[in-house]
Each structure stands twice: as C-alpha cells, then as structure tokens.
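S.K.: A single structure is presented below for examination.
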Amino acid sequence: MDDTAGVRSHDGTAPQGGRERPAPGPSPAHSPRKVLAHGDLLRRFVEGREIRPVHVRLDIMGPSAHSRPEIGNGRESGNGPESPNGTDALGPASGNSPAESEIPLPTSEAIALLRGFAASGGRAVTFRGVREATRHPGYPAVCDAGHEAGLRLGLVTDGTRLGRPDTAECVASTHTWVRVALPAGTEAAFRAAATAPGRTTLASLLDDVGDLRQSAIDPDFRIGFHYVISERDPGDILAAARAARAAGAHYIRFDTGRHGGPPGVAPALRQAALLADDAFEVRLPRPAAAPEGASDDDGRRARFDRCHYSRFTVAVDAAGRLFPCPQVSHDPRYDLGDVVADGWPDVLDGAARAAWDATEPPATAACGSCFYRPQNELLDLLLGGRVALDDALAAYADEVPSTPHADFL
Ligand code: SF4
C-alpha cells in the first residue's frame, strides 16, 4: 500500500511540523480547485454573464453582525427568552432552550431562506457559526425543508447533540457531511478541554459519530473530526487520531489556528499520519497565516483584485444578512442586504452587492489575509484568460473524474 495514502495537507503545501517529504494535495472534497467541477458555471463566469451562488454558509444561531433585539422577544415561539446579553461564549443552555447569548434565526424565516436559495440556483448549505447550529430549536424542521427543496446539507458542530434522537435522525436522513470538533483524544484530556455545554464523555462522542456513519442515508456521506492543536500534551495528538479512526470517522483534520500552533508537535503529527489508509484520511495543518496586515498567507501580494469567490459561495448570518464570505461576516461593513426580508434575487442583484463586486478586496480591512485566496487566484487566472478554461477543465477532469461534495465550494 502507498504509505502516503490518506495523508493530506489542507492546501497541498508541505504540512507544518517538518515532514521530510511533500504531502499530496488536499483531497478533491476539500480542494480549492473544486470549482473546476462546475464547467457550465465557470463558462458563464469567464464570459461575464450572470451567475448565482451555489453554496451558502449559514449561521442560524447568531448573534449577527447587527443586533436584532426584536428577535429576542418571542419571534421564535415556545422556546423561552432569547434576549442577547452581549457575551461571546456559548452560554450554559441545555435542553431545547437556546442560551441567552444566542439569537436564532426564526425557524419559519430559516425555511423561507433555504427555499428561496434553492429557487435562485443554490445547491448546498453548510450550517456553521460561532454558536452551535444543532441547538437551534427548529434544526430538524429547517434541515427537512432544505433537503426537500433539493439542497445538500453539511454541518460543522461541537457534537454535543449528535446522540439526541431527533438530531441524529435529522442528520442521518438529510446531511451529506458532518465535521465534529474533537477537543481531546483521551477521557482525562477531554474532561479538561471540553467547554461546550451538554458535553458528556469522549466515549459517547465517538459512539455518536460511529453510529451516524452507519445510519446516514446519503451514499456520499462523510463524517470526520477537527482537532485544533493547542499547548496541551503532544501525546494527545496521536491519541486523538487513534480515537477518530477507531470510532469509524472518515478523517481527522489537524489545525493550528491562524497564527500557528506550539513548537514540537511534528513527531506527534508524523505518528498520527501513519494511521492514514484508504479508509481513514489524516489532514495535516497548513502553514501558519501571515501576521495581521500582511498581504496573505506567505507574505506575497494576493494575485486577485476582485472577490470572485463570493460570486459562487456566500455567507448568511442569523439576522438573514448576506455577506461575501464567513471571514467577513462579523463585520457590518461587508453587509450586502437582508435575504429574509427582501429575497435572494433582490439582494443578489442589489446595489450593495454590485458595489462589492467592484471593490478591490485585498485592500479592505478584513480581506488582507483572505482565507479563500487559492480560489480567488484561480478564478482570476481564468477570468483574465491567463489560464484557458477548456484546458483547466480538461486537466481537472483527467485528474478528478468525479468530485465528491462538488457543490460545497
Ligand atoms: S476574505 Fe476573501 S473571500 Fe472573503 S470577502 Fe474577502 S476577498 Fe472575498
């Protein structure tokens, strides 16, 4: 067997931590080149014709970049008080009631938003946000409606609710992928590291993930763990990889955060990578991001002068506000309009979005270190004709005949 099978870096660069040989590129499901699976859409893009986003990252638990205190006064009926308290951490909520700091997008509005997105050409939704999406009181109803509208669903979660029958049934019947935060690889470290309310034991989290892998209906279903390396014992890295693999997860993804992790974790990552095989992927950290204010991840100037990526994928917050991407969705300066109140067509064709399309993003406040730079640079090359679209499509099709989760751009 190829001893690099299943070992990936997030972006195809040599993984942080000093591996002696280059890693293979990211898996097709996570590749920034995934947009090349959308030939018709790309053709419209390079010809300067109208395109609509196919993927939305939706934060349904809030709070949003704008405060919407009226939402906290009973708009989500039957779920208790929801007034914001201005805190940033997940509150101590348990059961069905959101924490006081959570301001959910009302279920009926979330359903309308997803149906409208599907009607305007949307194909995929990722539920993600600072707050835990599965704590939304209407999460199963929202997911059922989105699924029935033809959307594919992905979820980034802390995993605390994956064992609840209603959540587990919802995820198994409607989701295409799930990424679960793994705070630690042993029970002792798990107890010390886990801060999310409702967390029980590492064993129960692993069981829940294994159960979902068995019960999920979508033939393309993938579930895996996300482990952020911190100052803890490097031995926990290997323990986490072993636990993820034993649970039946498809992968474990290691991250060091935007400013790099602690030194000395390379040996542990090398050992973890040895657990990878054809059935279990180990994704190693990308290099640390540049300091605040630098041009991009490796210090060179970003090679794009418009945010092309936000033509294909967008973010919506819990107030129904559209933003170009999650990286800037905390910042009201990037607000492009209210897709709940005004509908997708009006906002997508509106003046705010047109102005954003004409903006040079690398010069703007939150885009100086664009997380989606590889996508933007590829799209810029195609738009400018410096890479011929037909050549790029043919090369990609040759390399990746079938792109997993292609609509989650
Ligand atoms: S961070 Fe990147 S993807 Fe996001 S809005 Fe800025 S340029 Fe676009």
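S.K.: In the range 353-374, is there at least one residue being of a type in the set (D, E, K, R), part of a loop (DSSP other than H, G, I, E, B), at pLDDT 95 or above and on the phi < 0 side of the Ramachandran plot?
M.R.: No, the conditions are met nowhere in the range 353-374.
S.K.: Please name all residue pairs, on different chains or six or more residues apart, with Cβ atoms under 8 Å, provided the first residue is in the range 360-377 and is of a type in the set (A, V, I, L, M) and the second residue is within 7 Å of the ligand (Cβ to nearest atom).
M.R.: Short answer, once both residue conditions are applied: A366/Q327; A366/V328; A366/Y334.
S.K.: Something else now. Kindly list the number of the only condition in (1) within 12 Å of the ligand (Cβ to nearest atom); (2) over 23 Å from V46 (Cα atoms); (3) assigned to a helix (DSSP H, G or I); (4) of a type in the set (A, V, I, L, M, F, W, C) that fails for L322.
M.R.: With (1) within 12 Å of the ligand (Cβ to nearest atom); (2) over 23 Å from V46 (Cα atoms); (3) assigned to a helix (DSSP H, G or I); (4) of a type in the set (A, V, I, L, M, F, W, C) applied to L322, the lone miss is (3).
S.K.: For the range 326-342, which residues satisfy the criterion of being within 14 Å of the ligand (Cβ to nearest atom), surrounded by fewer than 23 Cβ atoms within 10 Å (Cβ to Cβ) and under 12 Å from W356 (Cα atoms)?
M.R.: R333, D335
S.K.: For the range 124-170, name all the residues that are in contact with a Phe, Trp or Tyr (Cβ under 9 Å, 6 or more places away or on another chain), buried (at least 20 other Cβ atoms within 10 Å of the Cβ) and not in a strand (DSSP E or B).
M.R.: A133, T134, H136, Y139, V142, C143, G146, L151, G159, R161, T167, C170 - these are the residues of the range 124-170 that are in contact with a Phe, Trp or Tyr (Cβ under 9 Å, 6 or more places away or on another chain), buried (at least 20 other Cβ atoms within 10 Å of the Cβ) and not in a strand (DSSP E or B).
S.K.: Please give the number of the condition L348 fails out of (1) under 20 Å from the mean Cα position of the chain (by Cα); (2) hydrophobic (A, V, I, L, M, F, W, C); (3) closer than 24 Å to F117 by Cα; (4) within 16 Å of the ligand (Cβ to nearest atom).
M.R.: Of (1) under 20 Å from the mean Cα position of the chain (by Cα); (2) hydrophobic (A, V, I, L, M, F, W, C); (3) closer than 24 Å to F117 by Cα; (4) within 16 Å of the ligand (Cβ to nearest atom), only one is false for L348: (1).
Okay, residues lined up against (1) under 27 Å from D211 (Cα atoms); (2) modelled with pLDDT of 95 or more; (3) under 21 Å from the mean Cα position of the chain (by Cα):
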residue: P69; (1), (2), (3): no, no, no
residue: E76; (1), (2), (3): no, no, no
residue: S83; (1), (2), (3): no, no, no
residue: L90; (1), (2), (3): yes, no, yes
residue: N96; (1), (2), (3): yes, no, no
residue: F127; (1), (2), (3): yes, yes, yes
residue: V130; (1), (2), (3): yes, no, yes
residue: A145; (1), (2), (3): yes, yes, yes
residue: E148; (1), (2), (3): yes, yes, no
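S.K.: Let me ask something additional. Is it the case, given these coordinates, that A294 is crowded, with 16+ Cβ neighbours inside 10 Å and at pLDDT below 95?
M.R.: no
S.K.: Considering only the range 309-319, state which residues are buried (at least 24 other Cβ atoms within 10 Å of the Cβ), within 11 Å of the ligand (Cβ to nearest atom) and either under 14 Å from the mean Cα position of the chain (by Cα) or among the aromatic types (F, W, Y) (or both).
M.R.: Scanning the range 309-319 gives Y309, V314, A315.
S.K.: Out of the range 7-48, which residues are at pLDDT 60 or above, out of contact with any Lys or Arg (no Cβ under 7 Å at 6 or more places or on another chain) and part of a loop (DSSP other than H, G, I, E, B)?
M.R.: Of everything in the range 7-48, those that are at pLDDT 60 or above, out of contact with any Lys or Arg (no Cβ under 7 Å at 6 or more places or on another chain) and part of a loop (DSSP other than H, G, I, E, B) turn out to be S31, H38, E47, G48.
S.K.: If I go through the range 351-385 residue by residue, how many of them are more than 12 Å from the ligand (Cβ to nearest atom) and over 14 Å from P324 (Cβ atoms)?
M.R.: Adding up the residues that qualify gives 7.
The values are calculated or read from the model by the stated rules, or taken from the named source; none is laboratory data. Please read these numbers as outputs of a predicted model, since none were measured by experiment. Note: ideal-geometry Cβ built from the backbone for every residue, glycine included; neighbour counts use all protein chains shown.
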